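The values are calculated or read from the model by the stated rules, or taken from the named source; none is laboratory data. Small disclaimer: the values here were computed from a predicted structure and weren't measured.
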Amino acid sequence: MIGFLLAAVLTEEQAGCMGEGSEIAPMATYSPPAGVISVTTQDGQIYRFQYPPGTEHYRLGCYCNGWGIGYGSSTYRYTHYDNSLYGVSLVSSTTLEWGPTYYRWRVTYRTNDNYFIVTHNFSYCPTVGALRVVSVITNNSGVTQYGVKFKRYIDWDVNPGYFSNNYFYRTSDMCYAASSGYIRYVGLAALSPTPSVIELYGWDHYSTYTSSPDYGYYNGDGYCLLDWSLGTMAAGETRVIDACYVAGSSYSDLLAQKSACNTCIVGSGDELGVGEAKAVRDPIIRTVSGGITIDHYEGEVKVFHSDGRLVYENAHYTGGTVPLKKGLYVVKLQGYSSAVIVK
């Protein structure tokens, strides 16, 4: 199983944006377990790694990783390259906790028009071999916003030299790349919800509001892009996107790490207030008369209204109806979250 070592190293300009209590370069005191593959980062949204050591997947010619937010059917703000921001500003970058088998930090941005706040909760778990990122998107504009979408993307270059021999594939919730000899695999996977669009050649759309389905298979300099169409968001409404970066020496490795990624616990201080102590396997949330039910799950449940109010809490849910009025809610389980509309 592969692993990563991440270090948050901020520029002076970034450090000036951070609030009190934030920590810079905490990894100076971090000692990785034996065999963990070293990773460095210059920004909370950027990282690079090697597998096997000496063969870098991520940057052979380009820092091309980032995210974007669109709204109003045309407006788009995004990040790209190494700390390049277009229409967004860094608010804070805070290490939450770290230890010999985990590292968790949070990075918050706002769009320059102050319409949206986007907070990324990162969790790196070398025992899983994955980097999880739970993004919380909040409509901060004071009015309803339409046509809202969120994108996450990365340029996976898994071959040394030029990139024409990388092979790109997609599933319903992941885009991944393989080296020419199929001995290295890397992927960007959605844990929840399922993306509306996946592109293997996202170069045309990483910096635009538009996305469109393209290839089921692509050979060349591909670019993995996941697009979640969030639709209408009321003032103050929050949506949650849960995704994972995975890598391995085989496709089965990739699938195993994707499956295990939600065991990588998001750091303390999670905005939605549930400590994620264990994985949740395939919970099914169904709307019923007067509320929702949750199948294939027992344990802690918290439900938040879209305005942030905690409206239901049960530390030992074992089944039955969770009573809810009509509206939009975020249902938070242990290791899992989902937006639900009760009609």
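Here are the numbers:
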quantity: Extreme residue, nearest to the chain's Cα centre (by Cα), among residues of the stretch 224-254 that are hydroxyl-bearing (Ser, Thr, Tyr) and closer than 17 Å to Ala130 by Cα; calculated: Tyr245
quantity: Output for the stretch 160-216, where each listed residue is modelled with pLDDT under 90 and polar (S, T, N, Q); calculated: Ser164, Asn165, Asn166, Ser179, Ser180
quantity: Residue count for the stretch 200-259, restricted to those that are charged (D, E, K, R) and in a strand (DSSP E or B); calculated: 3
